[in-house]
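Written below as structure tokens is the structure these notes are about.
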Amino acid sequence: MELVLRPVDDRFFHEQVMPFLSLAMSDSVHALVSLREQLADAETRLRCERLLSSHQGGGLSGVEQEPWAELVERLLFLPWAPGPEGWAVVSPRQGYAGDWDEALHLSLMLEDPTYPYGDARASHGRREGFRLHPGPDLGLASLLGGQWEPFPSFPPDRVVSTLGRGEYVPREQYAFADWAWRPARTVADWNVHLERKLRRLLEREKARLAPVELPELEQVLAYWLGQVSQPPALSAAFSGLGPRASSWVQALGVLTSHVRQAAHEGAGLVIRVVSAQR
């Protein structure tokens, strides 16, 4: 399975996407008409009009599924910006695309100090459980698992479902799906605490490998923080990463760079998980 992570315009998600999806659950005609009037993108407007012309009443049960999926795909995963005639699609900035299991492994190493990353069997079991029920309060790892914070006013798995994962429990304020979003304020908070979490991971690895020393620790940290463009060559493999240590150090640097960049831009982040055959 592949994970895709993209920056999103925070205002667009707050003002257009979230209200549209919430209203569409019960009154998709009103939602589509209201959305169409806010958009300057001709292709997306045409999709709204096609759905309106074939609408059978009510919420999502009354819309054609294929054009609905195409519309939502454009809204959620293309870059949007405001213009004089409404919101329009703009040139994309490169996002993150990689193996979902590897991304979960790296993010859990970063966010969860109890994650048994040095034990292949135990860490695999933790990730499998996380996919079935991604835990809250784990920052980037929770997002990559598809867990929602803040709790949405609609079931996100009814909007987009690529693998069939999803749960929506209002009484527990808990939801997850094959896609998820975090607002800019949350991403900015992640960025504030990123260095502390990266240092914590390096200290944990230092303790695990003792008495073997890791002279490149500060160089690894500098790479992860974007202070240098390339990771150092490692004299000893990180125990949680094994023989692929160098490539995984680089992968974590790439993943965290998207958090830093989104925070710098005042953007939110959206993820989706798709089949590798997609």
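Which whole-number percentage describes the relative contact order of the range 178-274, with Cα contacts under 8 Å and a sequence gap of 6 or more?
48 percent
Just to confirm, what accessible area per residue do you get for the range 149-278 at 1.4 Å probe, in whole Å²?
Value returned for the range 149-278: 49 Å² of accessible area per residue.
Report the convex hull volume per residue for the range 100-229, counting only C-alpha atoms, in Å³.
125 Å³
Relative contact order for the range 61-169: what is it in percent, counting Cα pairs under 8 Å that are at least 6 residues apart?
Value for the range 61-169: 19 percent.
Keeping every protein chain in place, order 205, 102 by accessible area at 1.4 Å, biggest value first, i.e. largest first.
Order by accessible area, largest first: 102, 205.
Kindly report, to the nearest 10 Å², the accessible surface of residue 14 as traced by a 1.4 Å probe over protein heavy atoms only.
Rounded to the nearest 10, the figure is 80 Å².
Quick check: the angle from helix 184-209's long axis to the longest principal axis of the chain, C-alpha only, nearest 10 degrees?
Between the helix axis and the principal axis of the chain, the angle is about 30 degrees.
For the range 182-208 and the range 1-55, what is the centre-to-centre distance using only Cα atoms, to the nearest Å?
34 Å
Over the chain, what is the percentage of antiparallel beta bridges among all DSSP beta bridges, to the nearest 5?
Looking only at bridges with both residues in the chain, the antiparallel portion is about 95 percent.
Please report Rg over Rh for the chain, where both radii come from the alpha carbon positions and Rh follows the Kirkwood definition.
That ratio is 1.02, to two decimals.
Round to a whole number: what % of the accessible area of the chain belongs to carbon and sulfur, probe 1.4 Å?
50 percent
Give me the percent relative contact order of the chain, please, defined on Cα pairs under 8 angstrom at least 6 residues apart.
Result for the chain is 24 percent.
The values are calculated or read from the model by the stated rules, or taken from the named source; none is laboratory data. Since this is a predicted model, take the numbers as computed values, not measurements. When the accessible area is computed, the model is the full protein with side chains, heavy atoms only, and any ligands, DNA or RNA have been set aside. Shrake-Rupley method; radii C 1.70, N 1.55, O 1.52, S 1.80 Å.
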